[in-house]
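One structure below.
The values are calculated or read from the model by the stated rules, or taken from the named source; none is laboratory data. Everything numeric in this text was worked out from a predicted model, so none of it was measured. Here Cβ is always computed from backbone atoms with ideal geometry, including for glycine, and neighbour counts include all displayed protein chains. Each accessible area value is taken on the protein alone, full model and side chains, heavy atoms only, with ligands, DNA and RNA left out. Shrake-Rupley method; radii C 1.70, N 1.55, O 1.52, S 1.80 Å.
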Amino acid sequence: MLQDFFYALRMLRKNPGLTAVVMLSLAVGIGANSAIFSVVDALLLRPLPYPQPERLANIWLHSPGIGIFRDWPSPGQFVDIQRENHSFDEMAIEAY
């Protein structure tokens, strides 16, 4: 096996262009794989850092007349929604 390893190194040294392309392809593939796994792990595999995350809900406003099908409520609209709320135990708003 050691002989095969040294043979592979000699062949890679003979063709530096191919070696660079192969190394670059490996680096891009490994980097992309690591990035995708990090996103999937953070968003899909780990639970949310809240108690009972299955009970969380987003509230969207729907205004098809003006072409807005999914919009965050403004602070004033949120206060109105919170005042008329009969379904949720608690409500909060987060500004981005």
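Scanning the stretch 67-93 for residues being modelled with pLDDT under 85 and among the β-branched types (Val, Ile, Thr) gives a total of 2. Search the stretch 38-65 for residues being under 19 Å from Glu84 (Cα atoms) and in a loop (DSSP other than H, G, I, E, B), and hand back the single one that is least open to solvent (accessible area, probe 1.4 Å). Among those that are under 19 Å from Glu84 (Cα atoms) and in a loop (DSSP other than H, G, I, E, B), it is Ile59.
Residues in the stretch 66-96 that are in a loop (DSSP other than H, G, I, E, B) and open to solvent by less than 70 Å² (accessible area, probe 1.4 Å): 5 in all. Inspect the stretch 12-23 for any residue being surrounded by 10 or more Cβ atoms within 10 Å (Cβ to Cβ) and in contact (Cβ under 8 Å) with a residue 12 or more places away in the chain and give the result as yes or no. Within the stretch 12-23, not a single residue is surrounded by 10 or more Cβ atoms within 10 Å (Cβ to Cβ) and in contact (Cβ under 8 Å) with a residue 12 or more places away in the chain.
Just one of the listed residues (Leu26, Leu2) is of a type in the set (A, V, I, L, M) and either in contact (Cβ under 8 Å) with a residue 60 or more places away in the chain or loosely packed, with under 10 Cβ neighbours inside 10 Å (or both), and it is Leu2.
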